[in-house]
Amino acid sequence: MPSFDVQHQDRAVRLIQRALFAERLPHAYLFHGPDGVGKETFARRLVNVLLCERPDESAGPDGAPQRLACGTCEDCLLCAAGTHPDLHLVYRQLIKFHDDPTVRRRKGLDLGVDVVRQFVIDKVGSKPIRGRAKVFVIREADRITAQAQNAMLKTLEEPPETTFLVLLVSALDRMLPTIRSRCHVTPFGTLPPEFIAHKLGELLAEIPPDRARLCARFSQGSLGLALQHAEDRLDEHNERLIRMLIELPRQAVAAVAAWFESEAKALGEKYARRDPEITDTEARRRALKALFGLTATWYRDLLHTSTDSTDLIANAAYGDQLASAARGTTPGRAVAAITQLSETERRLDANVNTRLCLDELVIRLTRLAGAA
Ligand SMILES: [Zn+2]
């Protein structure tokens, strides 16, 4: 029987089970939380219960009643295979399957009104194919444009009796208040880094513990993001970064800025391969921000080393280099470096010229790395 428990999301599980059991399931859910913490897995469990021919009812781990899919009926088998005709998974790349060839030629960066109309609004009116229910799960629903969100209002307001919609959202502030008020907002929390590192070990049998630990530390509590870091071999980028940072006081500013640019290009190419819809410029910008994140972690580790909070150190594998770098700096300088990194990130977001941002950042970091 497919279990309903998505780990570390007890609150969401309780809320939905209560509604399922009371036969008062809202027609529109908005699952809100960071990417990769189990929102989609959870939505698929819910879809499975709604489509299952004979769901089981039993007592859950906390004694409260729970309803689970049987796991053996034809609907459950179709759900498990991801081919149930009444599950409509909606995502921005569907633009490539739009009826209109001019729409198909566009980049699918957002979920625009054309995709939302063809794959959600127009389909809501039709009957479920297997007769039980029809469920729409919308990935990255915070990328639905304002125009498309407005177009969806009526659908969310009064969907047919057997239709359910689940919007998966990481940035709640991008949803119009009118959408939020029509959905049942269910919060999902971040996952603890130890749990993520453990999960990485389970999912990727060959991953060394140091890499799992680093990817988990960088995941902002998201297993999905940690998996991407593992796939991108973020630890290799980090290793080159640390070597560069140790040499920083002896490097020319232009050489370090060029290093950041070429490293961001290499990492950005991995991002662009995974998501061909994003532009190369956007991929490089995201990669640069990831490198800044790694840099900030190095400085945070220097702080933790000087205050002996060793259990918080992400780069524990570089113990000797950390200890020696920590002797050459002060907590005040490490904090100033971290502040400078977030300021540079803010300027990048404000579209300040990348090279200009990098030159200024490197000048500041080099000054901070000078004789203590
Ligand atoms: Zn079933």
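Can you find even one residue in the stretch 249-257 that is modelled with pLDDT of 90 or more, small (Gly, Ala, Ser), surrounded by 18 or more Cβ atoms within 10 Å (Cβ to Cβ) and closer than 30 Å to Arg106 by Cα? Within the stretch 249-257, not a single residue is modelled with pLDDT of 90 or more, small (Gly, Ala, Ser), surrounded by 18 or more Cβ atoms within 10 Å (Cβ to Cβ) and closer than 30 Å to Arg106 by Cα. Checked against the criterion of being within 16 Å of the ligand (Cβ to nearest atom), part of a helix (DSSP H, G or I) and either under 27 Å from the mean Cα position of the chain (by Cα) or touching a residue at least 12 places away in the same chain (Cβ under 8 Å) (or both), the candidates Arg44, Arg54, Arg117 yield just one match: Arg44. For Asp75, the criteria (1) under 21 Å from Val49 (Cβ atoms); (2) of a type in the set (D, E, K, R); (3) not in a helix (DSSP H, G or I) hold in every case but one, which is (3). Can you confirm whether Leu109 is among the hydrophobic types (A, V, I, L, M, F, W, C), out of contact with any Phe, Trp or Tyr (no Cβ under 9 Å at 6 or more places or on another chain) and in a loop (DSSP other than H, G, I, E, B)? It is true that Leu109 is among the hydrophobic types (A, V, I, L, M, F, W, C), out of contact with any Phe, Trp or Tyr (no Cβ under 9 Å at 6 or more places or on another chain) and in a loop (DSSP other than H, G, I, E, B). The residues of the stretch 58-88 that are over 24 Å from Phe31 (Cα atoms), more than 11 Å from the ligand (Cβ to nearest atom) and either hydroxyl-bearing (Ser, Thr, Tyr) or touching a strand residue (DSSP E or B) at 6+ places or on another chain (Cβ under 7 Å) (or both), listed by number, are Ser58, Ala59. Examine the stretch 102-122 for a residue that is modelled with pLDDT of 95 or more and within 23 Å of Ala19 (Cβ to Cβ), and state whether such a residue exists. Scanning the stretch 102-122 turns up at least one residue that is modelled with pLDDT of 95 or more and within 23 Å of Ala19 (Cβ to Cβ). Counting only helices (runs of 4 or more DSSP H) that sit wholly inside the stretch 200-278, those with at least 2 residues that are within 30 Å of Arg367 (Cβ to Cβ) are 209-217, 234-247, 253-274.
Listed by first and then second residue, the pairs with beta-carbon distance under 7 Å, at least 6 apart or on different chains, first residue in the stretch 174-200 and under 22 Å from Ser219 (Cβ atoms), second of a type in the set (Phe, Trp, Tyr), are Thr186/Tyr29; Thr186/Phe31; Phe188/Phe31.
Looking at the stretch 316-372, which of the residues that are part of a loop (DSSP other than H, G, I, E, B) and hydroxyl-bearing (Ser, Thr, Tyr) is surrounded by the fewest Cβ atoms within 10 Å (Cβ to Cβ)? Quick ask: steps written out before the conclusion?
The initial filter retains those residues of the stretch 316-372 that are part of a loop (DSSP other than H, G, I, E, B), namely 328-330, 350-353, 369-372.
Next, only the ones that are hydroxyl-bearing (Ser, Thr, Tyr) stay: 329-330.
Numbers: Thr329: 20, Thr330: 14.
Of everything passing the filter in the stretch 316-372, Thr330 is surrounded by the fewest Cβ atoms within 10 Å (Cβ to Cβ).
In the stretch 78-100, how many are assigned to a helix (DSSP H, G or I) and more than 20 Å from Ala148 (Cβ to Cβ)?
Step one: list which residues in the stretch 78-100 are assigned to a helix (DSSP H, G or I), which gives 78-81, 92-97.
Narrowing further to those that are more than 20 Å from Ala148 (Cβ to Cβ): 78-81.
Total meeting the criteria: 4.
When the stretch 56-72 is filtered for residues that are in contact with a helix residue (DSSP H, G or I) (Cβ under 9 Å, 6 or more places away or on another chain) and over 15 Å from Arg18 (Cβ atoms), the ones remaining, listed by number, are Ala69, Cys70, Gly71. Whether any residue in the stretch 294-301 is assigned to a helix (DSSP H, G or I) and without any contact (Cβ under 8 Å) to a residue 40 or more places away in the chain is what I want to check. Yes, the stretch 294-301 contains a residue that is assigned to a helix (DSSP H, G or I) and without any contact (Cβ under 8 Å) to a residue 40 or more places away in the chain.
The values are calculated or read from the model by the stated rules, or taken from the named source; none is laboratory data. Predicted, not measured: the structure shown is a model, and the values here were computed from it. Note that we place each Cβ from the backbone using ideal geometry, even for glycine, and neighbour counts take in every protein chain shown.
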